[in-house]
Amino acid sequence: MATNNTDTNGKKGKVLMIYTGGTIGMLPKEEGNPLSPLVPANWGKLKKFAPVLEYLPLDVALQEMKLIDSSDMNPDYWINIARVIRDNYEKFDGFVILHGTDTMTYTATALSFLLENLNKPVIITGSQLSIGQPRSDAVQNLVTSLTLAAAKSFNLPLIPEVCICFNNVILRGNRTRKVSSSGYSGFDTPNYPKLGKAGEHIKIDTKVIRKPSTEGFFANENLEKNVMLFDIFPGISPEILNSVFGIEGLKGVVFRTYGAGNAPTNEDFLKEIEKAINKKNLAIVNITQCNQGMVEMGLYDASATLSRLGVISGVDMTPEAALVKMMFLLGQGYDIGTVKDQMQKNLRGEQSVNVFNFVYEDGKADKVYKAPTKQLPAGFDKNMIVSVNIRIDEAILPKEVKQEEIELAVFMNYPGADENTDTSIPQCLGVLKGIYNGEPVNLILGCSERFKQVINPDRPIQIAIIAKNEHTVRWEGAFISVYTSVE
Ligand code: ASP
C-alpha cells in the first residue's frame, strides 16, 4: 500500500542533481579488483545501479563537479556549489547534492550561510555503501532526496532549507553531526528536532522548518579561511595556546571547552586568552565538547572569567556550525565587534537562542554605582526573552576586611535608586550575594521575570548597582546576558 508521495499533481518536478563524489559514487580504483581503494566514478558508470531514476516522475538534470573524496572538500568548492545553485536557481524546483559523508555536515552548514534568502529545498545526501554494492543505502537516500527536492510536485511541504537526508531522516544541515562512520544512521541533530521522517509516507514537521524568505535570493561568495577549531584538554599548557594564537594571519578560533563552557582557571592560561583577544584581536567563540546541550558562560566560575575576557558564547552550535559561521562572518568583511555580535545571533537556524550581552567595565560602589546607559538593539522584542542573568565578577572588599557577605542590589531604569531604596520594588532586578573571605567572588543571579517587567524597548537600559555593605565594594566587570528565542 505504498502510493503516497509517488503521485505527482500532474506537474513534473525539476531537480538539479549536483554530484561531487563521495562513497555513494565510488568504485574500486582498479577495475576487477574489489580490494583496491575506492575512488569516485563518473555518473555515467553509476546510473545503471539506480534504474529507478528512469521511472521517477521527475526531470532530473545532472551537474557533475570535480569528483572528490569529501575529505578534500574546501571553502572554494563550497563557493562553487553555491554558484551552481545560484546560476540554476530559477530553472529548478530544488537541488540534490551527492556528497561524501565525511564532511557533509560542513558543506551543509556552509551552504546554509552562503545561500541567502533561500526558498527552495537543497538536499544533501550520500551513502555508507557505494551505489554499486548489493546492500547499499544509496538508492533509497537518493530517491527520498529527489522527492524532497521536488516537494511541490509530490504535494509535500516544501523545506526552504539546506538539509541532509540520510537513512530516512530529514535534518537541518547546519545542526547535523556525523555520528557513525559506518552505520546507516550516519547523521543526527543532537540539539534540534528532525525536520521529517520517511517511511511508507514522508512526514515533514512543518512546525520546526524555517519559513520561506520573501527577500531576493543570492549567493554569498566570500569565506575567511584563517580560522581554526581547537579542543582544550586537562593539562593543556599556556605554551600551546600561545603558539596556536600566534599563528600568522589567524582571525578566529572556535574553542571547544568542557560541559557548559568551562575551562582551566589558572592565570597563565587566562593570560594567553586575554592576549589573544586584546592584542591579536582574535574572535574566540566558546562551544562545548559535549554532543548535546549548550554553553552557559558564568554558570560556573570556570567560565565566568572567559566571558569577562571577551570570549563569546556559541550557545548550542555544533563545532562545524561555529567554525563555518565564523568563516562566513569574517568573510563578509565585518569589523571584529560585528563578527562577535553576529556570532551570538541566530542567522540560519543554527542555534536555539540569541544572546545579547550588555557589558559594563569594572566599577566600584561606595554606596551607589550608576552604570553608563546601553542602547537596546533595534527590533528587540521583550516577549522573546527566554532568560536573563546578571553577573558581577571578582567582587572584593577593602584589604582590612577579613570575612563579610557582599550584597549588591541591581536596579534598572530607576534613576533615583540609592542605598535606602526598597529592593522589593519591581525596578530592583535582585540582590546578588556572596561571602568574601579575602578572595574575589563572582556573583550571578537569574532575573528574567523582573527584567521583562521593567524593560522598555523604547528606552535605553540604565543600571544602578547599590552596595548594601558598610565598606566600598569593587568589581572587575558587570554583565547582563539576555537570551531570546529565535523564532
Ligand atoms: N570518504 C568518503 C567521503 O567522505 C566517505 C563517505 O562518503 O561515506 O567522501
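The calculated P(r) of the chain, using every Cα pair and 20 Å bins from 0, goes 22, 46, 25, 7, 0 in percent. Derived scalar couplings between HN and Hα for the range 216-227 equal x, 6, 8, 10, 6, 10, 10, 9, 8, 8, 7, 9 Hz in order, rounded to whole Hz, by the Karplus curve 6.51 cos²θ - 1.76 cosθ + 1.60 (θ = phi - 60°), x for Gly and Pro. Each DSSP beta bridge with both residues in the range 1-128 is either parallel or antiparallel, and the antiparallel ones are about 15%.
Between VAL52 and GLN133, the contour length at 0.36 nm per residue exceeds the alpha carbon distance by 27.6 nm.
Of all DSSP-defined beta bridges confined to the range 203-309, some 10% are antiparallel rather than parallel. Averaging the sequence gap over all C-alpha pairs within less than 8 Å and six or more residues apart, then dividing by the number of residues, gives the range 14-157 a relative contact order of 32 percent. The separation of the range 267-312 from the range 126-161, counted between C-alpha centres, amounts to 41 Å.
Think of the chain as a dipole: +1 on every Lys or Arg Cβ, -1 on every Asp or Glu Cβ, centred on the Cα centre; then among GLN292, ASN389, GLY235, GLN292 lies furthest on the positive end.
Rank by packing, highest mean first: peptides 446-455, 138-147, with packing defined as the count of other Cβ atoms within 10 Å averaged across residues. Don't skip to the answer; put the middle values down first.
Working: 446-455: 16.5, 138-147: 22.8.
Packing order, densest peptide first, comes out as 138-147, 446-455.
Take every Cα pair under 8 Å whose residues are at least 6 apart in sequence, average their separation, divide by the length of the chain, and the relative contact order is 12 percent.
Take every pair of alpha-carbon atoms less than 8 Å apart whose residues are at least six positions apart; their mean separation over the length of the range 132-255 yields a relative contact order of 16 percent.
In this structure, the amide hydrogen of LEU376, modeled 1.01 Å from its nitrogen in the peptide plane, lies closer than 5 angstrom to those of ILE461, counting only residues at least 5 positions away or on a different chain.
Computed from backbone phi, the HN-Hα couplings of the range 457-465 come to x, 8, 10, x, 7, 10, 10, 10, 10 Hz, rounded to whole numbers (Karplus: 6.51 cos²θ - 1.76 cosθ + 1.60, θ = phi - 60°; Gly and Pro given as x). Where both bridge residues fall in the chain, DSSP classifies roughly 65% of the beta bridges as antiparallel. Remark on VAL96: its backbone amide H falls under 5 Å from those of LEU16, MET17, ILE18, ILE123, a criterion applied only to residues 5 or more positions apart or on other chains, H modelled at 1.01 Å from N. Note on LYS152: lysines with a C-alpha under 16 Å away, same-chain residues under 8 apart excluded, are LYS11, LYS12, LYS14, LYS91, LYS120, LYS203, LYS211. Karplus-derived 3J(HN,Hα) values for the range 434-442, using 6.51 cos²θ - 1.76 cosθ + 1.60 with θ = phi - 60°, are x, 8, 9, 10, x, 9, x, 10, 9 Hz; glycine and proline are entered as x. The tail of the calculated P(r) for the range 167-290 beyond 22 Å holds 56 percent of all Cα-Cα pairs. Taking 0.36 nm per residue of sequence separation and removing the Cα-Cα distance, the LYS211/LYS29 pair yields an extension gain of 61.1 nm.
None of the figures in this text is laboratory data; all of them are computed from the coordinates on show. All values derive from a computational prediction rather than experimental measurement. All Cβ positions, glycine included, derive from the backbone under ideal geometry; neighbour counts span all protein chains shown.
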